[in-house]
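Here is the structure we will look at.
Only the coordinates and a few stated rules stand behind these numbers; no lab work does. Worth saying up front: this structure is predicted, and the values here are computed from it rather than measured. So basically every Cβ, Gly included, is an ideal-geometry build from the backbone, and we count neighbours across all protein chains shown.
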Amino acid sequence: MDTTSTGSPSGTGSPSSGVAGAGGVGTARSAGADAVRDDAPRGARPGAGAAAGGRTATEDARAPLGAAGARSDSPRVSRSTAPSAGASSGPAGGPGTGTGAPATGARGRLVAYARLAKFEFVLDYYLSMVVLWTALAGSVRFAPDTLTTLLLFLLGEVGVISAVMALDDVNGIRDGSDRANYLGTGGTPLRPLERKPLLTGALTVNQATRFGYLSLLWGAVFWTAAALAAPERPLWALVVTGLVLFAGFQYSWGLKLSYRGLGEVLIMGCPLVIVVAPYGFVTGHLPATVLVQAVLFGLWQILVSCYSNTKDISGDAAVGRSTVAVHASARGNLLFIGALSAADLLLTVGASAVGWAPWWFFAALLPEMALRLRQFTSFSRNGDALLARRRGVVAFRTGVAGIVLANLIHFAS
């Protein structure tokens, strides 16, 4: 799933200067001798011989993690953290990993696997539980079977998402996109390398692959347990849960669905499902209000990812990842993002207008709508995809807070 959806790198560094407008053409200002820029917005596509700057799913879904210090998407990185020019073994695209020291000790290995699973970047996915739990009637929220079902589903969710992230990193090593995205000419790091334990050598490809499959098994076991423990088991909830279990990890692994034009569908659809499925297991039905909230939850994820896709057009094209940004013109991509942004606003207001949500529902999301307008209009003027991505994270979290507030008010009245 883009996969890190709302929490990718954030950090310091000189901002890029660029003007995009309808044409979406941006230029990056040099960051100095000891820095390499890779976050300048791009509207013009380089030729086939351009260097691959490929980004894996972990950068798609998650732009900067909003929490202070959680991530650093810094284009300016100290050379003290850089490996030597030969720090990565094997040719670009080969199966080799970095030559740094492997993780040792229980704590060292735990940290390495946590970084492989991108735990600090995907926390916003788990806000799905807060959304659906507050959407339950007060008498249902604290029922023992409700809490058991949601806990089991959450544990399974951790496993499934960890599998997606781990196998995505393995694919990024194998096709060379992670090296291209994280290591510049001469081994200069383009982004902090510690978030990629395969590049640093903290873990091997075999270890990461094994972790990915075990995480997927973990997810399947706990999602099965959640379904068995659930007070209700509607067929639709079982079907959509199975679809995510089957398709989610194949974002860039197995069928490589993001290479077949289905990346955006997965990035929006999987977050949507992890709201509606556990709600269905608890209640047996799916009211329009919850469906609206789930669609918004998924839509807000793609409104982070689509800016990542815009930022990484040349890299995605180089490794064969098929996104709207790769295939559309700069203007067409801008129109696509604009349509998604408009859908967010129209669904929020329309749900209140037609009775799918309380008439005052839109008021709780006014801050999110204002941030969304700012995100798109600013990007359409200056083409700064990194800034727009970061604003998408803030809008996402603000929107979730608005939904939770609306749910608590609705069931308290």
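Numerical summary
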| read-out | value |
| --- | --- |
| Extension reserve of the residue 409-residue 238 stretch, reckoned as 0.36 nm per residue once the Cα distance is removed | 58.5 nm |
| Peptides ranked, highest mean first, by Cβ atoms within 10 Å: ranges 196-205, 139-148, 227-236 | 196-205, 227-236, 139-148 |
| Cβ crowding within 10 Å averaged over residues, with 321-328, 384-391, 161-168 ranked highest first | 161-168, 384-391, 321-328 |
| Cut-off 14 Å between beta-carbons: net charge of the residues surrounding residue 372, Lys and Arg +1, Asp and Glu -1 | +3 |
| Sites residue 265 and residue 106, calculated FRET efficiency, Cβ-Cβ separation with R0 60 Å, nearest 0.05 | 0.95 |
| Relative compactness, region 218-351, computed as alpha-carbon Rg over 2.2 N^0.38 Å | 1.18 |
| Residue 228 paired with residue 331, simple spin-label distance in nm, labels 7 Å along Cα-to-beta-carbon | 5.8 nm |
| Among 343-351, 269-277, 245-253, the order from most to least packed when residues are scored by Cβ within 10 Å on average | 269-277, 245-253, 343-351 |
| Summed side-chain charge close to residue 132 - residues other than residue 132 whose Cβ falls under 12 Å, Lys, Arg +1, Asp, Glu -1 | 0 |
| Global geometry of region 197-258, whether rounded, prolate or oblate, following the gyration tensor of its Cα atoms and the 1.5 cut on a/c | oblate |
| Partners for residue 196 among lysines (Cα-Cα distance below 19 Å; same-chain residues under 8 apart left out) | 118 |
| Euclidean distance between Cα centres, region 264-285 to region 205-239, Å | 14 Å |
| Within region 260-300: backbone nitrogen closer than 13 Å to the residue 345 label point (7 Å, Cα to C-beta) | none |
| Cα gyration tensor category, rounded, prolate or oblate, for region 325-388 with a/c compared to 1.5 | oblate |
